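The values are calculated or read from the model by the stated rules, or taken from the named source; none is laboratory data. From a predicted model like this one, the values you see are computed outputs, not experimental measurements. Neighbour counts are summed over all protein chains in view; Cβ atoms, including those assigned to glycine, are modelled from backbone coordinates with ideal geometry. Side chains included, ligands, DNA and RNA excluded: accessible areas come from the protein's heavy atoms. Shrake-Rupley method; radii C 1.70, N 1.55, O 1.52, S 1.80 Å.
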Protein chains: 2
Amino acid sequence: MTHAHGDRLRRPTMVDVAQRAGVSLKTVSRVINKSPHVQQDLIDRVLESAAALGFRRNHNASTLRSGLPTATIGLLIEEIANPFYSTIADVAAEVARHHETLLITASSEEDPAREQQLLRDLCARRVDGLLVVPTGADHAFLRPEVELGVPVVFLDRPATGLLADTVLLDNRGGARDGVAGLVAAGHRRIAVLLDSLSVYTMHERVLGAQEALAAAGLAWDPSLVRQDVRDPAAAGRAVAELLDRADPPTAFFALNNRITVGALQELWRRRSDAGLAGFDDFELSHLMPRPLTVVAYDLRAYARTAAELLFGRIGGDHSAPRTVILPTRLVQHPSP
Amino acid sequence: MTHAHGDRLRRPTMVDVAQRAGVSLKTVSRVINKSPHVQQDLIDRVLESAAALGFRRNHNASTLRSGLPTATIGLLIEEIANPFYSTIADVAAEVARHHETLLITASSEEDPAREQQLLRDLCARRVDGLLVVPTGADHAFLRPEVELGVPVVFLDRPATGLLADTVLLDNRGGARDGVAGLVAAGHRRIAVLLDSLSVYTMHERVLGAQEALAAAGLAWDPSLVRQDVRDPAAAGRAVAELLDRADPPTAFFALNNRITVGALQELWRRRSDAGLAGFDDFELSHLMPRPLTVVAYDLRAYARTAAELLFGRIGGDHSAPRTVILPTRLVQHPSP
């Protein structure tokens, strides 16, 4: 298997890095291999020299000769059981295959400590690049890796403390459209079901929902908002509780695909004619036994954009980091 | 993070392996690190000594001190976009988390060469164990890894050329029940849609379907069998082509969840009242707009059985390899 990167005239070696940094080859090796007890100023000098020369650890001839790496990228997602993430993993593997590169996937389970551990672990396992759906609030710990030539692209949520390529959805616009659609259908009391406001996408979608209500002259009613709706079962319970109130909502806006599925099942169980719109499409949405509106987008193109950005970086694109935002569209499914 | 294994009195070291094998420490190191050009008889002596002593590479003090590994297991599946596999990955991650172990997942895409490359790559990255849904016809190449203490558990399909723990479904019994259900509903012309007979599960399910037809005194009609149905779109095309025949089938048996979804969509599109039964349940099967029978089983328990077998091995269970077979049950969904 050939390495996926384009040929260069001569790749910088550890010797070049040592020379420029004015340190011994051994010091460069210790920094690169993250040996303990290296002085911080030596680490800084080596990292700066490596960055200036465009030195990439995995291009090092000795590493290539050691028999270890096939070209490999790492993908960090939140939860593989969600089709949103498993589709991302599928597309990333497809793009990686095209570049004769393997993909290894790990799940952060929305736990920042776990995310950091997994990312460090993937770096220690010598990946050529990282595709990350971030969970944590600080990704500065990845800076040395990035400077040693492990490119990182963030997908679905921006990183913090690190400048890097980022691919996002138009969360706010999509949520605005979703709620505006419910308003246009005559709804005035619209419940909003979400995971957690600490998740970037949720926060953006709430802002979009608020904008749509404000544009229609409707107040944002916190008593109709349910947070911590983390899976379909929780969504079903939230819908049941809201509908059992004396003044129930007449429609629901679900802020992700898992919430939509749970809300839909409970509405169908009750044969409720409440309106339902949800962010994210899902495979069988057009076959559901009741009307449903989804904020859809091209999930495969979304993931592909991020994966191809990453391979561009691996291939030597050193231009300034980019942020790409993909559009959404409203799809209304009548009862089949 | 602590290593997940129970404490032992003293773990065998490379020195012990070298002593017992009557070779130098350097030779042991070269075998363990898979250096090229080591004589086969030396490799055999080292592997035998390592196996006899219960030496495990990752317990080696020098590896633990190097800062590399958190405890990690590898999961090899076929295709992450299929909810069958993403659920397995989710459960494996859950069990691994319980053992303070990370999970990395890779997809073989049903390509034996790719499978072998990925498994070698995961071993080179020093995983503590492997959970494998095998694709290839020969897994003897994993023998040195297993003898060096990297346990392997096979899930959904048995390995070839290697004795190892294996967790399977009652494919034949489930398929028999599925077809018998269609026969009981009065169907005599039942089409069978499958991926490939070279896949173990498909072959077993075809045998089960044949048994059910034979038990009902019905002939197996090859003109009603469609192979190479690899995704929902292909399933839709196969259904369309069969229904457009002069003598169409009155029912379809779909041999996996992806085929069922595609067949169902095409049957619904045509408002066909043909019978449909499918192997594997899927999340929204009870909300489909037409009747559907599925061969269901507890997928999470299935995956958990395999993951827990693996951690038993990692924890020191050296008993003879086991094969566990999980039962299926027929679930009939009327039109909602």
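For B:GLY315, inter-copy separations between label points set 7 Å beyond Cα along the Cβ vector come to 4.9 nm, shortest first. For B:GLY278, the residues 5 or more places off, or on other chains, whose built amide H falls under 5 Å of its own are B:ALA254, B:THR293, B:VAL294, B:VAL295.
The residues of the range B:87-148 expose on average 29 square angstrom of accessible surface per residue, using a 1.4 Å probe on protein heavy atoms. Counting heavy atoms of the protein chains alone, A:ASP90 has an accessible area of about 20 Å² for a 1.4 Å probe. Peptide A:80-92 has a mean shielding of 6, counted as Cβ atoms of other protein chains within 10 Å of each residue's Cβ. What whole number of Å gives the distance from the Cα centroid of the range A:235-256 to the Cα centroid of the range B:287-319? One Cα centre to the other: 33 Å. Accessible area per residue for the range A:283-336, computed on protein heavy atoms with a 1.4 Å probe, is 45 Å². Of B:GLU48, A:GLU145, the residue with the largest accessible area leads and the full order is B:GLU48, A:GLU145 (1.4 Å probe). Would you mind checking the tilt of helix A:171-184 against the longest principal axis of the Cα atoms of chain A, expressed as 0 to 90 degrees and rounded to 10? For helix A:171-184, the angle is close to 10 degrees. Split the accessible area of the protein assembly as shown by element, probe 1.4 Å, and carbon with sulfur accounts for 52%.
Residues of the range A:100-122 whose accessible area (probe 1.4 Å, heavy atoms of protein chains only) drops by at least 40 Å² once all protein chains are present, relative to their chain alone: A:LEU102, A:ILE104, A:THR105, A:GLU109, A:ARG114, A:GLN117, A:ASP121. When B:HIS139, B:HIS99 are compared by accessible surface with a 1.4 Å probe, the order from highest to lowest is B:HIS99, B:HIS139.
Does anything in the range B:223-259 have its amide N under 15 Å from the 7 Å Cα→Cβ label point of B:ALA216, and if so which residues? From the range B:223-259, the list is B:224-225, B:249-254. Of B:ILE314, B:ILE43, the residue with the largest accessible area leads and the full order is B:ILE43, B:ILE314 (1.4 Å probe).
As a length-normalised measure over Cα pairs under 8 Å and 6 or more apart, the relative contact order of the range B:171-296 settles at 29 percent.
Am I reading the A/B interface right? What is its buried accessible area, both sides, 1.4 Å probe, to the nearest 100 Å²?
Buried surface at the A/B interface: approximately 3600 Å².
For chain B, the relative contact order is 17 percent, taking Cα pairs closer than 8 Å that sit 6 or more residues apart in sequence and dividing their mean separation by the residue count. Enclosing the Cα atoms of the protein assembly as shown in their convex hull gives a volume equal to 174 cubic angstrom per residue. For the range A:303-313, the Karplus equation 6.51 cos²θ - 1.76 cosθ + 1.60, evaluated at θ = phi - 60°, returns couplings of 5, 5, 4, 5, 5, 6, 4, 4, 5, x, 5 Hz by residue, with Gly and Pro reported as x. In order along the range A:162-167, the phi-based Karplus estimate (6.51 cos²θ - 1.76 cosθ + 1.60, θ = phi - 60°) of 3J(HN,Hα) comes to 7, 8, 7, 4, 9, 10 Hz; Gly and Pro are listed as x.
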